[in-house]
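The numbers here are math on the coordinates, done by the rules we state, and not lab data. What you see is a predicted model, and the numbers here were worked out from it, not measured in a lab. Ideal geometry is used to build each Cβ from the backbone, glycine not excepted, and the neighbour counts take in all protein chains shown.
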Amino acid sequence: MKVISSITELQHELANFDKEQVALVPTMGCLHEGHISLIQKAKRLADIVVVSIYVNPLQFGANEDLDNYPRTLEADIVACENEGVDFIFHPQNLYPEHGIQVGLHVDSLSQGLCGASRQGHFDGVVTVVNILFNIVQPQLAIFGEKDFQQLTIIQRMASDLHMPVEVIGAETVREEDGLAKSSRNTYLNAEQRTQAREISIALSLMQQAVAESLSLEDTLEIALAHLKKFGIQAEYLEICYTDSLQPAQSLDTDKPLRALIAAKVGSTRLIDNMPLCPTSAAKPNPEDNPLCA
Ligand code: PAF
């Protein structure tokens, strides 16, 4: 495995691979089991795996603490080495010295959910991912479903802009009690850690309610009441169409749906999501609708 910070050096190395499939796993470092599962998926699907580690200033808001974002390069290098990663790309800076003049903008897909409280965040994400795609020119790129809005937006970027890369989602990795793995879980104390699992339980309750043909309103109410019972205030709790991320009007639909939650536990903001399968969308063959499998 090579750890490379220079763009030209990385491109020089990658020029040696002509027929091989290259997969990129973009990260901001502080790698945990969720990232490892992305790397493992990349290893299964491609010949060469590049993991980028870059804390992207463009996706942090003025009130978000870029300087305190955890940086654990030494441990990240060991984790990547153990997984058989070929290259770590760890640039010092990806932007011109006096700031970037031209970036990408996301329209309505970025306006709800996490985008509502993080103005400009997804513009920063797509701009840096576009830069990384241009540098690495991967055939595949892997992103976690845990950041479902991010995954949807990046898939849409690749399709809207005809990028020659397949953007692949990887299932959320969970703790035994269901809590989605996240670097932020380390900020939780023991009591908050117990409380935090109720977010995934609320999502499972929504899956159950939908499978039992309850209405949209009742399904949302069950999850809200559950979070409230455990003292968790949701920043958002929504059922959205998977493609547009617009709030669903009804559960009587054959469009794929997703339940999504963001909530603060103590001062730690956690997000999670799960697919929903209304009975009206159930197909005799689950392969026709993998979200309902
Ligand atoms: O999910 C992340 O860690 C970041 O948003 C990403 C995709 C690496 C872009 O900086």
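For a 31 Å ceiling on Cα separation, which of these pairs sit above it: Lys2/Lys264; Lys19/Lys255; Lys181/Lys229; Lys19/Lys181? Write down the numbers at each step before the final one.
Numbers: Lys2/Lys264 38 Å; Lys19/Lys255 38 Å; Lys181/Lys229 23 Å; Lys19/Lys181 35 Å.
Violating the 31 Å Cα-Cα cut-off are Lys2/Lys264; Lys19/Lys255; Lys19/Lys181.
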Let me know the shape class of the stretch 58-170, please: from the alpha-carbon gyration tensor, a ≥ b ≥ c as square roots of the eigenvalues, rounded when a/c is under 1.5, otherwise prolate if a/b is greater than b/c, or oblate. rounded
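From the square roots a ≥ b ≥ c of the eigenvalues of the alpha-carbon gyration tensor of the stretch 210-277, which class results: rounded (a/c under 1.5), prolate (a/b over b/c), or oblate?
Details: a/c = 2.72, a/b = 1.58, b/c = 1.72.
Here the stretch 210-277 falls in the oblate category.
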Could you give the nm distance between label points at Glu175 and Ser108, where each point is 7 Å from its Cα heading toward the beta carbon? 3.8 nm
Assign unit charges at the C-beta atoms only (+1 for Lys and Arg, -1 for Asp and Glu), then state the dipole size of the chain relative to its Cα centre in Debye, rounded to the nearest 20. 300 debye
Looks like the stretch 52-108, by Cα gyration tensor root eigenvalues a ≥ b ≥ c and the a/c under 1.5 rounded cutoff (else prolate when a/b is bigger than b/c, oblate otherwise), is prolate
Based on DSSP H runs of at least 4 residues, each adding -39500 (n - 2.57), what is the mean residue ellipticity at 222 nm of the chain after dividing by all its residues, to the nearest 500 deg cm²/dmol? -11000 deg cm²/dmol
Computed over the chain: longest principal axis from alpha-carbon atoms vs helix 121-136 long axis, angle to nearest 10 degrees, is 40 degrees
Which distance in nm do the two modelled labels at Thr8 and Leu45 give, with both placed 7 Å along the Cα-to-Cβ direction? 3.3 nm
Vicinal HN-Hα couplings computed from phi for the stretch 152-157 (Karplus, 6.51 cos²θ - 1.76 cosθ + 1.60; Hz; Gly/Pro x): 4, 5, 5, 4, 5, 4
What is the Å³ per residue value for the convex hull set by the Cα atoms of the stretch 183-247? 104 Å³
Under a no-solvent Debye model with one identical scatterer per Cα of the chain, what's log10 I(q)/I(0) at q = 0.07, 0.13, 0.15 Å⁻¹? -0.28, -0.96, -1.26
Remind me, relative contact order of the chain in percent, using alpha carbon pairs under 8 angstrom and six or more residues apart? 16 percent
Roughly how tilted is helix 216-229, in degrees to the nearest 10 and between 0 and 90, from the longest Cα axis of the chain? 80 degrees
Nearest 10 degrees is fine. How inclined is helix 33-45 to the longest principal axis of the chain, computing both from alpha carbons? 70 degrees
Within the set Gly99, Gly178, Gly115, GNM on the chain using Cα springs under 10 Å gives the largest fluctuation to Gly99
Looking at the chain as a GNM with Cα springs under 10 Å, which of Pro256, Pro164, Pro96 has the largest mean-square fluctuation? Pro96
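Before anything else, pin down the relative contact order of the stretch 189-274: Cα pairs under 8 Å, at least 6 apart, normalised by residue count, whole percent.
Details: 120 pairs, mean separation 25.6, N = 86.
It comes to 30 percent, rounded to a whole number.
One-quarter of the Cα convex hull surface for the stretch 161-287, in nm²? Present the calculation step by step, with values, prior to reporting the outcome.
Working: hull surface 38.4 nm².
Projected over every direction and averaged, the Cα hull of the stretch 161-287 covers 9.6 nm².
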